[in-house]
Amino acid sequence: MATVEERLARLEAIEAIKQLKARYCALCDHDYEPDALAALFTPEGIWDGGLFGRYEGREAIRSFFRSISGSIIFAAHLVLNPIVEVDSATTARGKWRLIMPCTAKNDAGVPEARWLLSEYDETYALQDGAWMFCTLHLTVNFYAPHVKGWA
């Protein structure tokens with residue numbers, strides 16, 4: 001059985017990771033702030049967004065977020081159902097669901113209301129006293145215009 005100190009450390013890690021995820025979502029919803037978002041990842045971090053592309057390292061992640069704000073004009077990242085598992089004092093894994101109403105430019109460059117439903121599968125590391133993303137993998141279930149729907 002884990003000691004009280006070990007149990008407390010696990011709970012503190014889980015809460016810190018939930019706060020990391022909340023900061024990530026808030027930064028995405030605030031015009032995809034590229035510098036702040038890149039800083040949430042380890043130097044060798046990976047952001048793998050499936051149909052949105054794969055970016056390795058902070059500079060590539062920063063460049064991606066700098067460009068996405070031109071395509072997704074408005075977003076509300078609503079993350080749900082966190083499952084965070086602490087593997088050690090410095091590593092953890094997490095799964096989340098995302099439902100995101102947004103305004104995005106369609107193929108003709110015209111803004112339209114869209115829905116994104118996705119799953120996040122992530123790994124984290126504790127570096128210099130702060131939890132950071134090592135990998136963030138996004139599996140898109142659908143990314144559909146609001147008017148047409150996804151069925």
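The values are calculated or read from the model by the stated rules, or taken from the named source; none is laboratory data. If you're wondering where the values come from, they're calculated on a predicted model, not measured in any experiment. Heads up, the Cβs are rebuilt from the backbone with ideal geometry, glycines too, and the neighbour counts pull from every protein chain shown. Quick note on the areas: whole protein, heavy atoms, side chains included, nothing else; ligands and nucleic acids left out. Shrake-Rupley method; radii C 1.70, N 1.55, O 1.52, S 1.80 Å.
Here are some notes:
- Considered as a group, the residues in the stretch 86-131 that are surrounded by 15 or more Cβ atoms within 10 Å (Cβ to Cβ) and among the small types (Gly, Ala, Ser) include one that is nearest to Lys21 (Cα to Cα), and that residue is Gly94.
- Of all residues in the stretch 50-59 being in contact (Cβ under 8 Å) with a residue 12 or more places away in the chain and surrounded by fewer than 17 Cβ atoms within 10 Å (Cβ to Cβ), the one that is farthest from Thr135 (Cα to Cα): Leu51
- Whichever residue in the stretch 7-49 is touching a Leu at 6+ places or on another chain (Cβ under 6 Å), open to solvent by less than 10 Å² (accessible area, probe 1.4 Å) and part of a helix (DSSP H, G or I) and, among such residues, is farthest from Leu98 (Cα to Cα): Leu37
- Cβ separations smaller than 6 Å between residues 6+ apart or across chains give the following pairs from the stretch 5-29 residues that are on the phi < 0 side of the Ramachandran plot to residues that are part of a helix (DSSP H, G or I): Leu27/Ala36; Leu27/Leu37.
- Contact map, the stretch 105-127: first residue in contact (Cβ under 8 Å) with a residue 12 or more places away in the chain, second residue of a type in the set (Gly, Ala, Ser), Cβ cut-off under 6 Å, separation 6 or more or different chains; pairs are Lys105/Ser71; Arg114/Ala104; Trp115/Ala144; Glu122/Gly94; Tyr124/Ala92.
- Test: Leu78 is open to solvent by 30 Å² or more (accessible area, probe 1.4 Å) and either in contact (Cβ under 8 Å) with a residue 40 or more places away in the chain or among the aliphatic types (A, V, I, L, M) (or both): yes
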